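Working notes, beginning with the structure itself.
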Amino acid sequence: PPVPLAAALAEMGDEGTLFHRRVIVEGTYDFDHEMVLRNRKYEGMPGVFLLTPLEVAGSEERVIVNRGFLPLEKADRAERTPYRSE
């Protein structure tokens with residue numbers, strides 16, 4: 001089950017323990033530094049993964065959030081604007 005990010009970091013014994021760990025974190029997306037991971041496929045459709053830094057509330061830390069798959073034709077910055085949700 002998901003746990004708060006601070007709790008997951010506190011119990012982290014080595015860097016590998018957080019891989020694929022579901023966490024709960026609050027903050028603000030930094031859309032100015034959003035990235036796309038190109039050359040991805042979903043059900044045979046070419047596209048990208050949308051990666052957005054999240055400024056963690058109450059700290060200066062950021063985590064990268066994979067916000068999901070977008071078809072290739074929606075990958076350009078202008079096309080991604082509708083996918084911005086606070």
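The values are calculated or read from the model by the stated rules, or taken from the named source; none is laboratory data. This structure is a prediction, so every number in the text was calculated from the model and none was measured. So basically every Cβ, Gly included, is an ideal-geometry build from the backbone, and we count neighbours across all protein chains shown. Surface accessibility is based on the protein's heavy atoms, side chains included, excluding ligands, DNA and RNA. Shrake-Rupley method; radii C 1.70, N 1.55, O 1.52, S 1.80 Å.
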Under a Cβ-Cβ cut-off of 10 Å, what is the net charge of the residues other than residue 67 that fall near it, where Lys and Arg count +1 and Asp and Glu count -1?
+1
Considering amide H positions built from the backbone, and no H for Pro or chain starts, which residues 5 or more places from residue 61, or on another chain, come under 5 Å of its amide H?
56
For the chain, what % of the accessible area comes from carbon and sulfur atoms, probe 1.4 Å?
53 percent
Give me the distance in nm between label points sitting 7 Å out from Cα along the Cα-to-Cβ direction at residue 57 and residue 77, one decimal.
2.9 nm
Solvent exposure ordering (accessible area, 1.4 Å, most first) of 40, 77:
77, 40
Cut-off under 5 Å, modelled amide H: who pairs with residue 23 long-range:
3
Residue-normalised accessible area of the range 1-54, expressed per residue, 1.4 Å probe, Å²:
74 Å²
Separation of the residue 20 and residue 69 label points, Cα + 7 Å toward Cβ, nm
1.8 nm
If you project the alpha carbons of the chain onto the principal axes, what extent comes out on each, in Å, largest first?
41, 27, 19
